[in-house]
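S.K.: Supplied in structure tokens, the structure appears directly below.
The numbers here are math on the coordinates, done by the rules we state, and not lab data. None of the values given here were measured: they were computed from a predicted structure. Backbone-built Cβ (ideal geometry, glycine too); neighbour counts: all protein chains shown.
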Amino acid sequence: MMREGTAPLIRREDYLAPAYWIRRADLCFDLDATKTIVSSKLTIERNTTQDVQPLKLHGEDLNLLRVLVDGHSVSFRQEGALLIIDAPAADAFTLEIRNTVSPEKNTQLSGLYASGGGLYTQCEAEGFRRITFFQDRPDVMAVYTVTLRGDKKKYPVLLSNGNLVEQGELDAGRHYAKWHDPFPKPSYLFAIVAANLVAREQWVRTRSGKDHLLQIFVKRGDLDKTEHAMNSLIASIVWDEARFKLPLDLERFMIVAVDDFNMGAMENKGLNLFNTKFVLASTATATDVDFDGIESVVAHEYFHNWTGNRITCRDWFQLSLKEGLTVFRDQEFSMDMAGSASARAVRRIGDVRTLRERQFPEDGGPMAHPVRPDVYQAIDNFYTATVYEKGAELVRMMHTLVGREGFAAGMGLYFERHDGQAVTCDEFAQAMADANPHSALAQHLDVFKRWYAQAGTPRLVAHGESDAESGRYTLRLSQSNTPSAGQPYKQPNLLPIAIGLLDRNGQPLQLQLEGEDAPAGTERVLVMTEAEQSFTFIGLPTADVVPSLLRGFSAPVLLKDGLSDADLLVLMAHDTDAFNRWEAAQRLGVNALRAALTHDDTPVLDAAFVEALRTLLRDPSLDPAFKELALTLPSEIYVADLVENIDPQRLHAAREAMLDQLASALQADWAWAFEHYQVRGGYLPNAEQSGQRALTNLALAMLVRHAVASGDNVWPGRAYQRFKDASNMTDRLGAIEALVNAHAELATPALERMHALFKDEALVLDKWFALQGRAAERGGKVFARIKQLMQHPDFTLGNPNRARALLFSLTAMNPAAFHRTDAAGYVFWADRVIELDAINPQLASRFARGLDRWRNLAEPYRSAAREAIARVAAKPELSGDTREIIDRALQ
Ligand code: PHE
Ligand code: ZN
């Protein structure tokens, strides 16, 4: 086993091109769960731009059988995880290697592993070296030919990347398949599957008139749950061709669903591997959120075929080159699929919520790193919200700066220049700028690129001043960024700031900047590039101006604009920008929670805010999806990131009290909304219906909460009935969560019933665990239940989805159950980190991040958390992945 204490630091500035190129890889697998034999024949050329160097191949957990160069034995040595041939004779040669691996012993789920009787691979980022010896780095691109041999009964389906060129029978009940992928690719995009699966198939014709075969492979019995994934795939193909002129370039595009998977899905060339969670859906088993997740993950992986596979990353520091861009693309796709302007705004709000709840805390904690990191120990730890979500915001800012057409042109130039190459983030930004030479992006490209280099969330302070007499309004802006590891000083960023100005009645004002001849509409984008800048608007009819800044969250910053609650109420009621309307409501909620944390009196929402929420809920012109978002108070996770010295128990108590107040004050309105927004007609997982279901579920939760608090049985009874009779999982889960979160008596029978009904549906059992893991804490009951559920026969740490369902729900979503004054949550966390680390380091190191923000906690939490982290740190046998997280946390 390769488990060592401290891994060396890998630095971006140390990048060197490889000493050898591997042009072709001919691989043959004799498949067996206990012992698979891998025979590899590599066509290698020396990189003649460099001096002659030893050939160094990565290998991890491999059993080496033989090494031949040009058919002859050769002297080699093994040094740690490297196989070194000191003096390969020629500049071009073939290297033959034979080794074995044991898939069934591979609990890390990286490399070749067994799951449910089948064999699967996961190679990103550095899993290929766990299959065979290779220069396992993304700038080494080879053409692969792969022969798979295995038992026909166990493994009737044998898949690899590219096209099937041959298949047939072998002796002893075995068969084989030979695959060839014509596209040179890095090893992280390699994949094989050998399993007993069936496929949903669909032929599609792209614009060029070519026919392509789409296949989704699942276990027998799951075929009827693949329709939505197939529809999402087809929609993604159509969209990428329409919006970016990027067609499907493969004869065959395969998706394979697997139960045991560390991440969401993987974009292996032509053979995407998916966590079943992001493939399988039926009305009875999947919620609207699941349907949405499938649509966006299928799209994301499909879009990688161009942004990631056709153009890949030169090194792993450039990960956001493919991930940030591809997240941006899947976000845009989902917005286009959602349709109406309001549905787009709802999606944007969702994306910003994720960014602020996951990426902002990351950027303020020990794992803060730039979108393009400078240094890492374990690359697995850098598949982060920063690389993905903040990376996508960078691309979105470019999009804002160059416009939709300009962005498409930039993408065009990027592919014209770099198709088939492994490049850096700089190349992308340069192509975007070069395609838009007159844009602010091109004018300030160096300033913009600081976004890639600097960690931390910039703070933007805005201060507006009106002059009644001259009709001028001056907006003074200043930006700053706090120091982070290795970056004591930060330079100003380029901030695109979308803005509108409203009068006191909420009417939008015409915007004319000083120096301009005429007003140019009621919204515009200011471009800030310096630490301090002022913008003066002229010709305003009033001095009582309410600014609406950062519309659509046009830059990923923390905004401090000093608006009063009265100003926020104007925005909440009238802003034409739906995002800022929602944001105003959130900020009023944050203000109330902050006040509750600093004063000792019973926390309350003020009457004007409650009335504004009522008005919004009753407004016939607003979509239910938007209402649901606006009527949801800011989460404890989000607020905890905005406040220093946080006491999670107090925050939870304050928020719960406010929810009680909203439940009671709006009781009649919730009852009205519950009836009014019922979906009538059959289930469709579209934006319109899912908005209705989200709002009725929120209403039901409020109604049950209020009823339980006032000792009334009617609404809990109705919720239970709805849980029993629901025709879809969204309503069923909504009803049971209403009962569980309110600690209603009927929660217990509902949980029992749900388990009995779905005991054979792994993905529903995950929900069953997760809803208990994130249940609203009351008196320690939830935490006690979570500990108890660890002993449940259906619980296992071996399956990542199941482990996440219970454990990550606690640490990532349930602060009040996790952060206890008796430190029991931290003790539990430390034990699980250690336990999980021995099984699956990648999963363990993610779980270990649950205490990232310990320094932000108030006492006694802070000291207790530190102690728990130190206890984990003291374990000498920790994996490199987890070691990096724990060491950073203590730094
Ligand atoms: N590259 C995958 C994606 O973003 C994520 C992934 C990373 C999957 C590493 C597995 C391992 O779609
Ligand atoms: Zn991705």
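S.K.: Of 89, 7, 58, which is farthest along the charge dipole of the stretch 1-158 in the positive direction, counting Lys and Arg as +1 and Asp and Glu as -1 at C-beta?
M.R.: Ranked along the dipole, the leading option is 58.
S.K.: What does the extension gain come out to for residue 9 and residue 45, with contour length at 0.36 nm per residue minus their alpha carbon separation? Numbers along the way, then the final one.
M.R.: Values: separation 36, 0.36 × 36 = 12.96 nm, distance 2.86 nm.
Contour length minus the Cα-Cα distance gives 10.1 nm.
S.K.: Mind checking the log10 I(q)/I(0) for the stretch 803-891 at q = 0.18 Å⁻¹? Debye, one equal scatterer per Cα, no solvent, two decimals.
M.R.: At q = 0.18 Å⁻¹ the computed log10 ratios are -0.69.
S.K.: Between residue 417 and residue 105, what is the label-to-label distance in nm when each label sits 7 Å out along the Cα-to-Cβ direction?
M.R.: Taking the simple label geometry, residue 417 and residue 105 are separated by 4.8 nm.
S.K.: For an R0 of 45 angstrom, estimate the FRET efficiency from the Cβ-Cβ distance between residue 536 and residue 482 and round to the nearest 0.05.
M.R.: Numbers: r = 29 Å, r/R0 = 0.65.
It comes to 0.95.
S.K.: For the stretch 483-498 and the stretch 829-874, compute the distance between their C-alpha centroids and round to whole Å.
M.R.: One Cα centre to the other: 29 Å.
S.K.: Under 19 Å from a label point 7 Å along Cα→Cβ of residue 824: give me every residue in the stretch 743-757 with its amide N that close.
M.R.: Residues 743 fall inside that zone.
S.K.: Which FRET efficiency, nearest 0.05, do residue 598 and residue 664 yield, Cβ-Cβ r, R0 35 Å? Could the numbers behind the result be given before it?
M.R.: Working: r = 24 Å, r/R0 = 0.69.
Computed FRET efficiency for residue 598 and residue 664: 0.90.
S.K.: Apply 1/(1 + (r/R0)^6) to the Cβ-Cβ distance of residue 713 and residue 671, taking R0 = 25 Å, and write down the FRET efficiency to the nearest 0.05.
M.R.: Numbers: r = 15 Å, r/R0 = 0.62.
Here the calculated transfer efficiency is 0.95.
S.K.: Through the Karplus equation 6.51 cos²θ - 1.76 cosθ + 1.60, θ set to phi - 60°, convert the phi angles of the stretch 208-216 into ³J(HN,Hα) values in whole Hz; use x for Gly and Pro.
M.R.: Karplus values, whole Hz, x for Gly and Pro: 6, x, 7, 9, 10, 9, 9, 9, 10.
S.K.: What is the angle, in °, between the Cα long axis of helix 319-338 and the longest principal axis of the Cα atoms in the chain? Nearest 10 is fine, range 0 to 90.
M.R.: The helix 319-338 is inclined about 50 degrees to the chain.
S.K.: Something else now. Against the longest principal axis of the chain, how steep is helix 425-434, in degrees 0 to 90 to the nearest 10, with axes from Cα atoms?
M.R.: With rounding to tens, the tilt is 60 degrees.
S.K.: Hey, got a sec? Which GluC sites (Glu not before Pro) in the stretch 237-329 land in a DSSP loop and have at most 16 other Cβ atoms within 10 Å? Let's see the in-between values first.
M.R.: Numbers: sites: 241, 251, 267, 295, 301, 323; in loops: 251, 267.
For GluC sites (Glu not before Pro) across the stretch 237-329 that sit outside H, G, I, E and B with at most 16 neighbouring Cβ atoms in 10 Å, the list reads 251.
S.K.: How far is the Cα center of the stretch 566-614 from the Cα center of the stretch 55-87, in Å?
M.R.: Here the two parts' Cα centres lie 65 Å apart.
S.K.: Related question: Can you tell me the orientation of helix 762-773 relative to the chain, as the angle in degrees between its alpha-carbon axis and the longest Cα principal axis, to the nearest 10?
M.R.: That helix lies at roughly 40 degrees to the long axis.
S.K.: So how much slack lies between residue 611 and residue 404, counting 0.36 nm per residue of separation and subtracting their Cα-Cα distance, in nm? Please list the in-between numbers first.
M.R.: Values: separation 207, 0.36 × 207 = 74.52 nm, distance 3.90 nm.
Computed gain between residue 611 and residue 404 is 70.6 nm.
S.K.: Taking the Cα centroid of the stretch 676-717 and of the stretch 722-786, what is the distance between the two, rounded to the nearest whole Å?
M.R.: 15
S.K.: Treat each spin label as a single point 7 Å out from the Cα along the C-beta direction, and report the residue 796 to residue 835 distance in nm.
M.R.: That separation, rounded to one decimal, is 1.5 nm.
S.K.: Below 8 Å between Cα atoms, with a sequence gap of 6+, how large is the relative contact order for the stretch 1-145 in percent?
M.R.: On the way: 290 pairs, mean separation 41.9, N = 145.
Result for the stretch 1-145 is 29 percent.
S.K.: Where in the stretch 694-764 are there trypsin sites (Lys or Arg not before Pro) that are in a DSSP coil and have at most 16 other Cβ atoms within 10 angstrom of their Cβ? Don't jump to the answer; show the numbers that get you there.
M.R.: On the way: sites: 705, 718, 722, 724, 732, 753, 759; in loops: 759.
Passing sites in the stretch 694-764 are 759.
S.K.: Moving to a separate point now. Describe numerically, in nm with one decimal, the distance between label points set 7 Å from Cα along Cα→Cβ at residue 64 and at residue 748.
M.R.: Each label point lies 7 Å from its Cα, and together they span 6.2 nm.
S.K.: Given all pairs of different Cα atoms, what value in angstroms does the Kirkwood hydrodynamic radius of the stretch 680-744 take?
M.R.: Values: mean 1/r = 0.0845 Å⁻¹.
In the stretch 680-744 this quantity evaluates to 11.8 Å.
S.K.: Need one number: convex hull volume per residue for the chain, Cα atoms only, in Å³.
M.R.: Details: hull volume 146.6 nm³, N = 891.
Value for the chain: 165 Å³ per residue.
S.K.: Counting helices only, and only those DSSP H runs with n ≥ 4, report the 222 nm mean residue ellipticity of the chain as the sum of -39,500 (n - 2.57) divided by its residues, in deg cm²/dmol to the nearest 500. Present the calculation step by step, with values, prior to reporting the outcome.
M.R.: Values: 30 runs with 349 residues, N = 891.
Calculated from helices alone, the mean residue ellipticity at 222 nm is -12000 deg cm²/dmol.
S.K.: Then there is this: Full-extension gain between residue 678 and residue 474, please, as 0.36 nm times their residue separation minus the C-alpha to C-alpha distance.
M.R.: Values: separation 204, 0.36 × 204 = 73.44 nm, distance 4.73 nm.
Net length gain for the segment: 68.7 nm.
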